[in-house]
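Some notes on the structure that comes next.
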Amino acid sequence: MKSIRSSRATRPIVATASAVSLCLLLAACGDNGGARNKPATPADVEGIKFATSRVRAFAEPPTSIGITQPVGKPIPGGKRIVMIGAGPGGIGTIIAHEAMSEAVKELDWELKFIQPKEPTPQLLQQALDQAIQLEPDAVVISATETAPIAGQLAKLKAKGIPVVSNNGPDPSGGPLVIQIAGLDALNDLAVAIADKTLADMGEPGIVGIVGLPGYRIISEYTEAYKKEIETRCPSCEIVEASIPVSSLGTTAGTAMANFTRASPDMKAMFVSYDAMGINLFSAAQAAGATLPRTYSLGTAPASIPALANGALTASAPLDQGEMGWRVVDALARIFTGQQESALKHDVMYPRPMLWSKSLNNVPEAPQGNAFPSIVKNYPEQYRKLWGK
């Protein structure tokens, strides 16, 4: 199979019998030499050495949420917040909602969750129209770009209803009062997991990347992963593919297993959104496929057992539970007339972390959608900021 460089179009992959046949045919055609036969250049050696030197720092959990400035003013109670989900596949927003539900109790607020069936522009617009009708004190969106919902955001701004976003691709400003853990924070995670990929490979090779169309934020931080691989290892080659959102939890694992079979010399595979790979390992076993080292970003709770047994080589977690409390902190500052304080302090994120069996730091598997805390006592740190 000929490697597809990052400047080339990404192939969609689907899990059908014809796709399996096509993948096997492509694999039988063989590689055209590629990175497997390229000796490491001095640039590769130095780049991989640099990446390896960074990995150990990502193994230890941060102890602080990064915010030290208290709100410092009485926080009004009785506020009504509406949170818009990113669809059932957006596990992170579901975890964040559950955490926000606990955090708002500390301030005597109410939280309503509106979950579209899919994160399509039309369904997100409908969800926001419903939120506007409720006339809340604030609206929270997650992993959503602003362009497709510009009309609804304009209506909210005209009504004086602040919109807080987290994990989205657009910066603070304009229709958004603040973007929390946007592209800057997610790029840091992507670079960290790219460094771990190179450290484990130890030499140039073929790196597969599986994308998820429909989420601009995922596409953009995946570019940061690619850039780090290409910068630190110029002789590495990148092969790309994508899977549809509709395949999550069903055929996604089979499709990704087929992708690796079509490129048998692949040394590592990056799953750009961890929840895409929940059924990857069972699908690979059923297909008799041997997976390369596999990496992901945005660890789903269901993936932690695969991390513990080493099937998933490493993952960069994003603590969506802590993110829920961080959103509430930003709102507390906004509701007390301290928007600039939110913009200054709520973007002081904990440093990136990696989980891996090789780093001996994989947490115990949680129950349900509960997420293991990265900063262990973050609720207490937020309560202190709120004078609780």
Margin query: Suppose we keep only residues that are in a loop (DSSP other than H, G, I, E, B) and of a type in the set (A, V, I, L, M, F, W, C) within segment 238-259. Which one would you say is farthest from Phe281 (Cα to Cα)?
Written below: Ile243
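Quick grid of which residues meet (1) of a type in the set (A, V, I, L, M); (2) within 26 Å of Ser303 (Cα to Cα); (3) touching a helix residue (DSSP H, G or I) at 6+ places or on another chain (Cβ under 6 Å):
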| residue | (1), (2), (3) |
| --- | --- |
| Ala57 | yes, yes, no |
| Pro61 | no, yes, no |
| Ser64 | no, yes, no |
| Ile67 | yes, no, yes |
| Arg80 | no, no, no |
| Ile91 | yes, yes, yes |
| Ala103 | yes, yes, yes |
| Pro121 | no, no, yes |
Next item on the list: With the condition kept exactly as written, say whether any residue in segment 215-237 is closer than 18 Å to Leu297 by Cα, within 14 Å of the chain's Cα centre (by Cα), not in a helix (DSSP H, G or I) and not β-branched (Val, Ile, Thr).
Entry: yes
Check: List the pairs whose first member sits in segment 114-128 and is more than 9 Å from Gly85 (Cα to Cα), whose second member is of a type in the set (S, T, N, Q) and loosely packed, with under 15 Cβ neighbours inside 10 Å, and whose Cβ atoms are under 8 Å apart, counting only residues at least 6 apart or on separate chains?
Finding: Glu118/Ser246
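Just the residues that are more than 28 Å from the chain's Cα centre (by Cα) and surrounded by 14 or more Cβ atoms within 10 Å (Cβ to Cβ), please, taken from segment 71-86. Break it down into steps so the answer makes sense when it comes.
Our first condition is that a residue be more than 28 Å from the chain's Cα centre (by Cα); within segment 71-86, this holds for 71-79.
If the condition is that a residue be more than 28 Å from the chain's Cα centre (by Cα) and surrounded by 14 or more Cβ atoms within 10 Å (Cβ to Cβ), then Val71, Lys73, Ile75, Lys79 are the ones that fit.
Taking Ala342, is it buried (at least 22 other Cβ atoms within 10 Å of the Cβ), of a type outside the set (Phe, Trp, Tyr) and in contact with a Lys or Arg (Cβ under 8 Å, 6 or more places away or on another chain)?
Numbers: buried (at least 22 other Cβ atoms within 10 Å of the Cβ): yes; of a type outside the set (Phe, Trp, Tyr): yes; in contact with a Lys or Arg (Cβ under 8 Å, 6 or more places away or on another chain): yes.
So Ala342 passes the test.
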Checklist line | Those residues of segment 276-310 which are in contact with an Asp or Glu (Cβ under 7 Å, 6 or more places away or on another chain) and open to solvent by 40 Å² or more (accessible area, probe 1.4 Å), in sequence order | finding: Arg293
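Need a quick list: helices (runs of 4 or more DSSP H) entirely within segment 279-341 having at least 2 residues that are acidic (Asp, Glu). If you could, list the steps in order and put the result at the bottom.
Values: elements: 280-287, 304-309, 320-335.
Once the helices (runs of 4 or more DSSP H) in segment 279-341 are filtered for at least 2 residues that are acidic (Asp, Glu), what remains is 320-335.
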Check: What are the residues in segment 311-339 that are small (Gly, Ala, Ser), open to solvent by 10 Å² or more (accessible area, probe 1.4 Å) and within 18 Å of Trp386 (Cα to Cα), if any?
Finding: Gly337
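To keep it simple, each residue is scored yes or no on (1) among the basic types (Lys, Arg); (2) open to solvent by less than 20 Å² (accessible area, probe 1.4 Å); (3) at pLDDT 95 or above.
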| residue | (1), (2), (3) |
| --- | --- |
| Lys38 | yes, no, no |
| Gly89 | no, no, no |
| Ala103 | no, yes, yes |
| Asp108 | no, no, yes |
| Gln130 | no, no, yes |
Check: If you take the residues in segment 179-190 that are in a helix (DSSP H, G or I) and surrounded by 22 or more Cβ atoms within 10 Å (Cβ to Cβ), which one is nearest to the chain's Cα centre (by Cα)?
Finding: Leu186
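Does Gly66 meet the test of being closer than 22 Å to Asn167 by Cα, surrounded by 22 or more Cβ atoms within 10 Å (Cβ to Cβ) and not polar (S, T, N, Q)?
It is false that Gly66 is closer than 22 Å to Asn167 by Cα, surrounded by 22 or more Cβ atoms within 10 Å (Cβ to Cβ) and not polar (S, T, N, Q).
The values are calculated or read from the model by the stated rules, or taken from the named source; none is laboratory data. None of the values given here were measured: they were computed from a predicted structure. Please note: Cβ atoms are built from the backbone with ideal geometry, for glycine as well, and neighbour counts cover all protein chains shown. Ligands, DNA and RNA are stripped out before the accessible areas are found, and what is left, the full protein with its side chains, is counted by its heavy atoms. Shrake-Rupley method; radii C 1.70, N 1.55, O 1.52, S 1.80 Å.
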